[in-house]
Amino acid sequence: MRHEVEVAGTKLVLVQGDITQQDVEAIVNAANPDLTPGGGVSGAIHRAGGPAVTEAAAQIRRERGPLPTGDAVITPGGKLPARWVIHTVGPVWRGGTHGEPELLARAYRSCLKLARTRGIRSLAFPSISTGVYGYPVAEAARVALQTVRAYLVAHPGAFGEVRFVLFSPRDFQTYAAVV
């Protein structure tokens, strides 16, 4: 499944699939604050990328401490098709009244800003915070797509393609209904 629209000269694409298999310059990891391999997206990215991803993330953790929610850092992609992995920590869902939408938007913006400053022209996002962090997919989709659209409009031509890779057909349909 695939859905594509153009926003300010950038292809905004939704696909259903595996983020570790995406042929883009960078993929985004929905990381935990310690940047350690976890479950879900993070575990899959660390497994597919191999020791290069895990060791680079561990080095950042040693130097900086835990990554605050909404911030982003970058590591090599190791064995992944993507050259880079941008790690960001999304918010844990606590009912939506503890700043979760703002923190989620900040995570997306941080990734886009880091990619743009590195000259990365294509990147793929997962649905940040909707796994073990419990963010409702429909609400996360609205925040993610609004934030990315606004960033693309503010920085026309900064990217060739921004992709959302949704693991399940249900998540794909939810995002497609919002885009």
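Residues of the stretch 43-80 that are surrounded by fewer than 15 Cβ atoms within 10 Å (Cβ to Cβ) and either modelled with pLDDT under 95 or under 17 Å from Val165 (Cβ atoms) (or both): Gly43, Arg47.
May I ask you to list the residues in the stretch 2-18 that are of a type outside the set (A, V, I, L, M, F, W, C), in contact with a helix residue (DSSP H, G or I) (Cβ under 7 Å, 6 or more places away or on another chain) and surrounded by fewer than 18 Cβ atoms within 10 Å (Cβ to Cβ)? Residue satisfying the conditions is His3 alone.
Conditions tested, residue by residue: (1) under 22 Å from Gly119 (Cβ atoms); (2) of a type in the set (D, E, K, R).
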| residue | (1), (2) |
| --- | --- |
| Arg2 | no, yes |
| Val13 | yes, no |
| Thr54 | no, no |
| Thr75 | yes, no |
| Val85 | yes, no |
| Gly96 | no, no |
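Looking at the structure I just gave you, is Ala82 among the small types (Gly, Ala, Ser) and within 12 Å of the chain's Cα centre (by Cα)? Here the answer is no, as Ala82 does not meet what is asked. Within the stretch 19-42, restricting attention to residues that are closer than 16 Å to Arg83 by Cα and of a type outside the set (S, T, N, Q), the residue that is surrounded by the most Cβ atoms within 10 Å (Cβ to Cβ) is Val28. Kindly check whether there is at least one residue in the stretch 101-114 that is more than 14 Å from the chain's Cα centre (by Cα), more than 27 Å from Gln173 (Cα to Cα) and of a type outside the set (D, E, K, R). No.
Looking only at the stretch 128-162, residues that are touching a helix residue (DSSP H, G or I) at 6+ places or on another chain (Cβ under 9 Å) and among the charged types (D, E, K, R) come to 2 in all.
Evaluation of Arg106 against the conditions (1) in contact with a Lys or Arg (Cβ under 9 Å, 6 or more places away or on another chain); (2) surrounded by 19 or more Cβ atoms within 10 Å (Cβ to Cβ); (3) not aliphatic (A, V, I, L, M) shows that the sole unmet condition is (1).
Pairs under 9 Å by beta carbon, first residue closer than 12 Å to Tyr108 by Cα in the stretch 125-142, partner of a type in the set (Gly, Ala, Ser) and in a loop (DSSP other than H, G, I, E, B), six or more apart or different chains? That search, which allows pairs on different chains as well, returns Ile128/Gly90; Ser129/Gly90; Ala140/Gly90; Ala140/Ser127; Ala140/Ser129; Ala141/Ser127.
The values are calculated or read from the model by the stated rules, or taken from the named source; none is laboratory data. What you are looking at is a predicted structure, and each value in this text was computed from that prediction instead of being measured. Don't worry about glycine lacking a Cβ; one is built from the backbone with ideal geometry, like all the others, and counts go over all protein chains shown.
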